[in-house]
Amino acid sequence: MQRACISGIGVEVPEHVITNDELVASFNAWVAKENVKREADGLEPLPGSSAEFIEYASGVKTRHVLVPDGILDPDRMTPRIAERPDDQISIMAEFGVAAARKALKHAGVEASEVDMVICSASHQQRPYPAIAIEIQKELGTSGSAFDMSLGCSSAAAGLHMAFNLVRTGAQKRVLVVTPEIITGHLNFRDRQTHFIFGDASSALLVEALEGEEERAGRFEIVDTRTWTQFSNNIRTNFGFLNRAAQEDTSSVPMAGNMIKQVGNRVFKEVTVAGHKFIVDFLDEHGHKPQDIRRFWLHQANARMNAMILKLSFGHEVGQDRAPTVLEELGNTAAAGAIVAMERTHADMKPGEHGLLCAFGAGYSIGGALLRMM
Ligand code: COA
């Protein structure tokens with residue numbers, strides 16, 4: 001088998017920030033309006049949201065969003081993202097390209113030397129033509145490209161695919177791009193989920209490892225793994241058959257077709273599964289959690305990550321061992337763990353190991369054991 005490495009990491013974080021206070025003010029303004037109507041109809045009032053709860057329950061303080069316009073307007077609460085003509089680059093491909101260019105620059109590799117692009121994200125803007133092919137065209141990569149998706153494990157699953165394509169010799173350089181515009185599908189009127197997500201885009205360049213010296217400061221991929229088990233606890237029913245389910249097909253209601261989750265069940269079930277995944281995966285490679293210099297876990301919930309690590313280590317571990325970026329960025333779906341890795345790997349010494357582990361809808365988990373060169 002061919003050895004493989006992550007030779008480039010790129011991250012694009014949008015500049016616009018929304019704080020918990022701003023988000024809650026908008027949510028509560030909408031609730032106040034709704035409750036006037038509900039009272040007139042003799043219905044129970046809707047409860048408000050609270051910034052204190054959000055920070056305590058999730059750890060999230062702010063989130064960055066690609067398009068802020070419309071999100072905080074209580075009469076809209078959806079980003080206003082204009083449709084683009086077909087001959088213009090789509091917003092998702094554009095967001096992916098921004099991260100991809102940084103990954104190529106980090107690797108010192110020309111786009112033409114890349115022979116595959118995989119766009120792996122929790123949401124794809126359209127079924128076809130594949131967003132990955134649009135990214136391929138924009139960058140000028142060779143070979144081919146395709147889209148794939150596995151909830152918040154999408155980047156890790158894309159890395160699993162890329163690693164195996166490179167190590168079997170099928171491809172030489174694979175770019176895994178993860179543009180997450182999750183605010184476009186988030187129901188900002190759902191108290192359970194309105195505060196969770198933010199937007200970010202990431203890219204990883206996976207390539208055949210020729211000589212370690214020339215890739216110093218980059219990661220050899222020791223192994224990757226994925227795990228799935230069906231669950232409805234994080235689900236969206238949005239899809240191409242929504243229209244066909246309607247008698248009046250002139251408009252398709254979005255209510256019920258956006259992200260919904262049973263947060264506390266996800267918390268418990270994924271914490272147990274995530275901990276087991278980590279311990280088993282490391283054990284298979286003769287490692288204990290203590291051997292791993294840094295963990296880049298899925299960035300959904302600070303308490304959840306702390307619990308997974310406590311179960312794995314037998315004691316609490318701090319930010320240096322398992323850094324989080326969710327305080328600033330919220331849950332950026334599959335991009336989150338890659339953003340954490342991009343920001344917190346430069347101080348690692350040759351020979352030290354890192355573990356990337358993402359988890360989410362499906363349920364799904366994806367992991368990569370990495371060794372700093
Ligand atoms: N503001 C104020 N209170 C809220 C609230 C909000 N926005 N949302 C829920 N609450 C209240 C509930 O009404 C409940 O009140 P009660 O005890 O009086 O009934 C209480 O907070 C606890 O609700 P619960 O849903 O059990 O909260 P939680 O502690 O599980 O935290 C999440 C909610 C979503 C932060 C947490 O479950 C979570 O992060 N889960 C994992 C999500 C995840 O990883 N998703 C993956 C996506 S990839």
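Couple of notes before you dig in:
- Screening the candidates 351, 367, 362 for the property of being within 16 Å of the ligand (Cβ to nearest atom), at positive phi and in contact with a strand residue (DSSP E or B) (Cβ under 7 Å, 6 or more places away or on another chain) yields one hit, 362.
- Enumeration of residues in segment 189-207 that are farther than 30 Å from residue 370 by Cα and open to solvent by 10 Å² or more (accessible area, probe 1.4 Å): 189, 190, 191, 192, 195
- Residue 124 of a type outside the set (Asp, Glu), assigned to a loop (DSSP other than H, G, I, E, B) and either at pLDDT below 95 or within 29 Å of residue 229 (Cα to Cα) (or both): yes
- Applying the set (1) modelled with pLDDT of 95 or more; (2) hydroxyl-bearing (Ser, Thr, Tyr); (3) open to solvent by less than 80 Å² (accessible area, probe 1.4 Å) to residue 228 leaves exactly one unmet item: (3).
- From the list 45, 74, the lone residue that is over 25 Å from the mean Cα position of the chain (by Cα), surrounded by 15 or more Cβ atoms within 10 Å (Cβ to Cβ), within 16 Å of the ligand (Cβ to nearest atom) and farther than 27 Å from residue 336 by Cβ is 74.
- Taking segment 142-188 as the range and being in a helix (DSSP H, G or I), open to solvent by 20 Å² or more (accessible area, probe 1.4 Å) and within 22 Å of residue 63 (Cα to Cα) as the test, only 184 passes.
- Of all residues making up segment 32-75, the number that are touching a residue at least 40 places away in the same chain (Cβ under 8 Å), touching a helix residue (DSSP H, G or I) at 6+ places or on another chain (Cβ under 8 Å) and closer than 26 Å to residue 13 by Cβ: 16
- Counting the residues of segment 238-274 that are of a type in the set (S, T, N, Q), within 16 Å of the ligand (Cβ to nearest atom) and open to solvent by less than 70 Å² (accessible area, probe 1.4 Å) gives 2.
- Scan of segment 111-127 for residues that are open to solvent by less than 10 Å² (accessible area, probe 1.4 Å), touching a helix residue (DSSP H, G or I) at 6+ places or on another chain (Cβ under 6 Å) and of a type outside the set (S, T, N, Q), ordered by number: 117, 118, 119, 121
- Considered as a group, the residues in segment 189-239 that are assigned to a loop (DSSP other than H, G, I, E, B) and polar (S, T, N, Q) include one that is nearest to residue 161 (Cα to Cα), and that residue is 229.
- Considering the conditions (1) modelled with pLDDT of 95 or more; (2) within 22 Å of residue 360 (Cα to Cα), residue 257 is excluded by exactly one of them, (1).
- Picking from residues in segment 302-339 that are among the small types (Gly, Ala, Ser) and more than 16 Å from the ligand (Cβ to nearest atom), the one that is farthest from the chain's Cα centre (by Cα) is 314.
- Criterion applied to 118, 54 was being closer than 23 Å to residue 299 by Cα and within 16 Å of the ligand (Cβ to nearest atom), and the one residue passing it is 54.
- Of the residues making up segment 77-110, those that are part of a loop (DSSP other than H, G, I, E, B) and either open to solvent by less than 30 Å² (accessible area, probe 1.4 Å) or not small (Gly, Ala, Ser) (or both) number 15.
- Residue within segment 284-299 that is within 16 Å of the ligand (Cβ to nearest atom) and in a loop (DSSP other than H, G, I, E, B) present: yes
- Residue list for segment 76-93, filter: out of contact with any Ser or Thr (no Cβ under 8 Å at 6 or more places or on another chain) and touching a residue at least 24 places away in the same chain (Cβ under 8 Å): 78, 81, 89, 90, 91, 92, 93
- Checking every residue in segment 210-221 against the condition of being at pLDDT 95 or above, small (Gly, Ala, Ser), away from the ligand (no atom under 16 Å from the Cβ) and more than 16 Å from residue 365 (Cα to Cα) gives zero matches.
- Residue count for segment 326-362, restricted to those that are open to solvent by 10 Å² or more (accessible area, probe 1.4 Å) and under 25 Å from residue 269 (Cβ atoms): 3.
- Residues in segment 5-19 that are open to solvent by less than 10 Å² (accessible area, probe 1.4 Å) and within 16 Å of the ligand (Cβ to nearest atom): 18 alone.
The values are calculated or read from the model by the stated rules, or taken from the named source; none is laboratory data. All values derive from a computational prediction rather than experimental measurement. Here the Cβ is made from the backbone with ideal geometry for all residues, glycine too, and neighbour counts use every protein chain on show. For accessibility, only protein heavy atoms count, side chains too; no ligands or nucleic acids. Shrake-Rupley method; radii C 1.70, N 1.55, O 1.52, S 1.80 Å.
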